[in-house]
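Trainee: Could you have a look at this structure, given as structure tokens, before my questions?
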Amino acid sequence: MKAFRSALVAGSMLLSGVLAQGAMAQSIQVEVFKGGFATVNSFIFSNGKSLIVMDVQRKTYEAKKLAELIKSKHLPLTHILISHGHTDHFTGMDWFHREFPQAQIVVASEAIRRDIKAYAIYMSQGGETGAEPALEPGLLPKSAANPNGFDYENWIHVLPGHTLTMVGGGTLELTTDYQPAESPHATTVYSKDLNALFLADFGYNKVHLWMGDDIDNRRIATWRAELVRIKSLYAARNPTVYPGHGDPTDMSLFDTTIRYIDDFVRITSAAKSRDEAMRKMEALYPDYQQADFFLKYSVENHVNAGAAK
Ligand SMILES: [Zn+2]
């Protein structure tokens, strides 16, 4: 079914999931929901007793498909974890808030809650480049003038610590001490059960990286530095790596993403026009998705209009 192109990618837990039922009943499994818009991933964690979802899509119609998939599991959804403050990861919050009133929307830091609201406001004003579709109306902030708006301060909870414990057993380890990268603040998630690292938008797999908006060369440099650092932190564990965009893969994603960043910086800094930069990036990465969205607006952000043909 095309509507549900989610793949069961339970990593090494696929086998133990089958063996489970008894001794390993609390092992965490993960299912990837691949969004049709912006190639953005959501992740459904299950321990057989309860569910947590990480990131909830860019379009309400995608969030609705994700919600139906979650409901089909007939387990309580306890948390909606938003990894960082970009609309492709949080737009579905409004739908999830209505559909799963018992589930808490959570973030790993106050800074991420602030980022989410700030980005929603930015998008509601069209976004600097008009790069993205308008903010969905349900996410307009609650205010005196808009009393039915989304209440960012009261409906998004900041987790008190850096673990998220699943009802019924198992924990997700959250890390937020990163320099600004693809977003000003971001959360990665590590699951020991799965030996899996959920990179949010530090990593993209065969999808062009987003370098639009406020992502200047300095941010790109700190992003690259964090990739080097995260790679070294996890190298010994050799986890399955789940990027924010594109298919799950392995630790080689770090080198692939670093090489992409180096190519992008080299090409956009030398390009005489946006067209030239687009052509060169597409020639180097012919099988990458989102050329007409992520790459287009990243190039617009890094090659000035005066250089356009
Ligand atoms: Zn994203």
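The values are calculated or read from the model by the stated rules, or taken from the named source; none is laboratory data. The structure displayed is predicted, hence computed values, not measured ones. Cβ: placed from backbone, ideal geometry, glycine included. Neighbour counts: every protein chain shown. Side chains are part of the model used for accessible areas, which takes the heavy atoms of the whole protein and leaves out ligands, DNA and RNA. Shrake-Rupley method; radii C 1.70, N 1.55, O 1.52, S 1.80 Å.
Trainee: Report, in debye and to the nearest 20, how large the dipole of the range 164-290 comes out about its Cα centre when Lys and Arg carry +1 and Asp and Glu carry -1 on their Cβ.
Mentor: Working: 14 positive and 18 negative charges, 63 e Å.
I would put it at about 300 debye.
Trainee: While we're here: Per residue, how much accessible area does the chain show when a 1.4 Å probe rolls over the protein heavy atoms, in square angstrom?
Mentor: Values: 13210 Å² over 309 residues.
Heavy-atom SASA per residue in the chain reads 43 Å².
Trainee: With charges only on Cβ, +1 for K and R and -1 for D and E, what is the dipole size of the chain about its Cα centre, in debye, rounded to 20?
Mentor: Working: 31 positive and 34 negative charges, 77 e Å.
Once rounded to the nearest 20, the dipole reads 380 debye.
Trainee: Using a Gaussian network for the chain with springs between C-alpha atoms less than 10 Å apart, which of these wobbles most: Gly170, Gly36, Gly161?
Mentor: Sorting by GNM fluctuation, first place goes to Gly161.
Trainee: May I pose another question? Would you list, by chain and number, the lysines whose Cα falls below 16 Å from the Cα of Lys34, excluding same-chain residues fewer than 8 positions away?
Mentor: The qualifying lysines are Lys2, Lys59, Lys64, Lys65, Lys206.
Trainee: Now for a different question. Pick out, from Ile28, Thr91, Tyr297, the residue whose Cα sits farthest towards the positive end of the charge dipole of the chain, with +1 on the Cβ of Lys and Arg and -1 on the Cβ of Asp and Glu.
Mentor: Projecting each Cα onto the dipole axis, the largest value belongs to Ile28.
Trainee: Right, something else. Taking 7 Å along the Cα-to-C-beta vector as the label spot, tell me the Thr171-His74 distance in nanometres, rounded to one decimal.
Mentor: If labels sit at Thr171 and His74, their model points lie 3.2 nm apart.
Trainee: Next question. Which of the GluC sites (Glu not before Pro) found in the range 71-138 are in a DSSP loop and have at most 11 neighbouring Cβ atoms, other than their own, within 10 Å?
Mentor: Working: sites: Glu99, Glu110, Glu128; in loops: Glu128.
Here no loop site has a sparse enough neighbourhood.
Trainee: To the nearest Å, what is the center-to-center distance of the range 259-301 and the range 175-228, using C-alpha atoms only?
Mentor: A separation of 19 Å, based on Cα centres.
Trainee: Right, here's the next one. Taking +1 at the Cβ of each Lys and Arg and -1 at the Cβ of each Asp and Glu, which of Ala277, Thr163, Leu197 sits farthest along the dipole of the chain towards its positive end, judged by Cα position relative to the Cα centre?
Mentor: Positive-end residue among those listed: Leu197.
Trainee: Here's another thing I want to ask about it. Going 7 Å from the Cα of Thr256 in the Cα-to-Cβ direction, what parts of the range 205-246 have a backbone nitrogen less than 17 Å from that spot?
Mentor: So the set is 205-210, 227-228, 231, 238-246.
Trainee: Let me ask something additional. By the scheme Lys and Arg +1, Asp and Glu -1, what is the net charge of all other residues having a beta-carbon under 13 Å from that of Thr240? Working shown, then result.
Mentor: Numbers: positive: Lys192, Arg237; negative: Asp193, Asp247, Asp250.
Net charge in that neighbourhood comes out at -1.
Trainee: Helix 60-71 against the longest principal axis of the chain: what's the angle in degrees, Cα atoms only, rounded to the nearest 10?
Mentor: 20
Trainee: Which whole-number percent gives the relative contact order of the range 129-273, counting Cα pairs below 8 Å spaced six or more residues apart?
Mentor: Values: 176 pairs, mean separation 25.9, N = 145.
Here the relative contact order equals 18 percent.
Trainee: Next question. Which whole-number percent is the relative contact order of the chain (Cα, under 8 Å, 6+ apart)? The partial results should precede the final answer.
Mentor: Working: 601 pairs, mean separation 44.3, N = 309.
Answer for the chain is 14 percent.
Trainee: In the Gaussian network model of the chain, springs joining C-alpha atoms below 10 Å, which of Ser50, Ser72, Ser124 carries the largest mean-square fluctuation?
Mentor: Ser72
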